[in-house]
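The structure appears below as structure tokens.
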Amino acid sequence: MALRVPFAQACRRATLNGPSVSSASILPAYASRWRRRNATVAPSVTQASASSKGPTAVVFMNMGGPSTTDEVGSFLSMLFADADLIPLGRLQNYIGPLIARRRTPKIQKQYAEIGGGSPIRKWSEYQASEMCKILDKTSPGTAPHKPYVAFRYANPLTEDMYKQLLTDGFGGGNGGRAIAFTQYPQYSCSTTGSSLNELWKWRNRLEGKRATGEVDPEGAIKWSVIDRWPVHSGLVEAFAQNIEKTLATYPEERRDKVVLLFSAHSLPMSVVNRGDTYPAEVAATVYAVMQRLGMKNQYRLVWQSQVGPQPWLGAQTSDTVKNLMKKNITDLVLIPIAFTSDHIETLFELDKEVIGEDAEGHEGVKRIESLNGNPVFIEALADIAKSHLESGVPCSPQMLLRCPGCVSERCLGQKAFFAGQEQRL
């Protein structure tokens, strides 16, 4: 317990100062303390012993992934129907399902090759559960903390998560608070924004005017949002340690010459040009990690998972690997910098397509371990949530500024709702 107090303070200072602050002066001492921390976690606080400000629901929001190959079709249908993620214009409702049907057999084969489904639900539920155990100890005033997962395109869907909240005694006249905690460290309207739009939609249907006749009924859930955390010290440390572990597998004389390729999910240029903050926030994460590593290695930020013929943010990860190898640069480490657990983009796209096919399995091309159950990462999640609970604010000021080119009324309404929660926290 004593170790976490100065750590949390240091994390907050580093986060406020942004990626320009050198992590070297802060992180090493706390990293060693993390490693020495007793792994035994105290039992979670029970509902019967709720504090004056508890219980608190913590909802991990993510894109999700099909748990079985049979779920691939519905997953793709919802994904391509989402104009926030993949804008297809006026014919979205027609083109989206058509693309989904055509791609389903191919994507089913890909999921079959990585074990028959995505592990993202397993890791999300584990991360949320372990984080809440830590929060029960470090933030007893808001305990007990109950973990939930809400996926945008796969089970458990946001609708079902919200119904479970009501079943568990949150809202529906009972009050209670809930945190929508994005598991996209870097904000984008296509990811976090889309998930918050969906959450706001189901809040209105199940607790808002469409359900009760009131805009803000008495006893509804009090919501707040953790909408971005691209340079949190714990996130940076977790990535840095995994990179160091992979670099250590190269012979010492080659180690400092390894090129680091930070790979993130790409965006359509129409979204980028609208003013989306995602590219800048991903770059901030990359730079903070490189500062922590001492800037010893050459690096590039590259982009993966382009879909369709329209222009997307580049350079593409696969093209970059092929081009570097043509130049006889064959010691490359791939770092999935915008992902917090394994899923098809890491297990198939990076491991099988980029490393297995583009790099032809060259022994010098490797990928770092994903964050998954990393204890440093889970400690970071708990510290982020604790700081948020202590702040008393509903969301970051940055979330309330719309993209300069945004014309979405839904986006405007969603932001107004979460901003209006401030008086109720």
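The values are calculated or read from the model by the stated rules, or taken from the named source; none is laboratory data. All of these numbers come straight from a predicted model, not from anything done at the bench. Note: ideal-geometry Cβ built from the backbone for every residue, glycine included; neighbour counts use all protein chains shown.
Quick one: residue 309 ticks every box in (1) free of Cβ contacts under 8 Å to residues at least 24 places away in the same chain; (2) at positive phi; (3) not polar (S, T, N, Q) bar one, so which box is it?
Of the numbered conditions (1) free of Cβ contacts under 8 Å to residues at least 24 places away in the same chain; (2) at positive phi; (3) not polar (S, T, N, Q), the odd one out for residue 309 is (2).
Name the residue that is farthest from residue 414 (Cα to Cα), counting only residues in region 72-106 that are of a type in the set (Val, Ile, Thr) and touching a residue at least 60 places away in the same chain (Cβ under 8 Å).
99
Among the candidates 100, 48, which residue alone is more than 30 Å from residue 270 (Cβ to Cβ), at pLDDT below 95 and either of a type in the set (A, V, I, L, M) or touching a His at 6+ places or on another chain (Cβ under 9 Å) (or both)?
Being more than 30 Å from residue 270 (Cβ to Cβ), at pLDDT below 95 and either of a type in the set (A, V, I, L, M) or touching a His at 6+ places or on another chain (Cβ under 9 Å) (or both) holds for just one of 100, 48, which is 48.
Considering only residues of region 393-425 that are closer than 17 Å to residue 57 by Cβ and not in a helix (DSSP H, G or I), which is farthest from the chain's Cα centre (by Cα)?
425
For region 282-309, how many residues are among the small types (Gly, Ala, Ser) and surrounded by 21 or more Cβ atoms within 10 Å (Cβ to Cβ)?
Matching residues across region 282-309 total 1.
Residues that are surrounded by fewer than 18 Cβ atoms within 10 Å (Cβ to Cβ) and among the aliphatic types (A, V, I, L, M): list the helices (runs of 4 or more DSSP H) wholly contained in region 52-159 that include at least 3 such residues.
By residue number, 92-113.
Scan region 166-187 for residues that are farther than 21 Å from residue 380 by Cα and crowded, with 23+ Cβ neighbours inside 10 Å and jot them down.
170, 171
Please pick out the residue among 185, 156 that is closer than 30 Å to residue 352 by Cα, touching a strand residue (DSSP E or B) at 6+ places or on another chain (Cβ under 6 Å) and not hydroxyl-bearing (Ser, Thr, Tyr).
Exactly one residue qualifies, and that residue is 156.
In region 96-105, is there at least one residue being in contact with a strand residue (DSSP E or B) (Cβ under 7 Å, 6 or more places away or on another chain) and over 30 Å from residue 406 (Cα atoms)?
Within region 96-105, none of the residues are in contact with a strand residue (DSSP E or B) (Cβ under 7 Å, 6 or more places away or on another chain) and over 30 Å from residue 406 (Cα atoms).
With region 225-305 as the region, which helices (runs of 4 or more DSSP H) entirely inside it contain at least 3 residues that are assigned by TED's automatic domain parsing to the domain that holds residue 351 and in contact (Cβ under 8 Å) with a residue 24 or more places away in the chain?
Because the criterion is at least 3 residues that are assigned by TED's automatic domain parsing to the domain that holds residue 351 and in contact (Cβ under 8 Å) with a residue 24 or more places away in the chain, the helices (runs of 4 or more DSSP H) in region 225-305 that meet it are 233-247, 269-274, 278-292.
Which residue out of 357, 345, 379 is within 22 Å of the chain's Cα centre (by Cα), part of a helix (DSSP H, G or I) and over 30 Å from residue 55 (Cα atoms)?
345
Test residue 218 against the stated conditions and say whether it is on the phi < 0 side of the Ramachandran plot, assigned to a loop (DSSP other than H, G, I, E, B) and of a type in the set (Asp, Glu).
So residue 218 passes the test.
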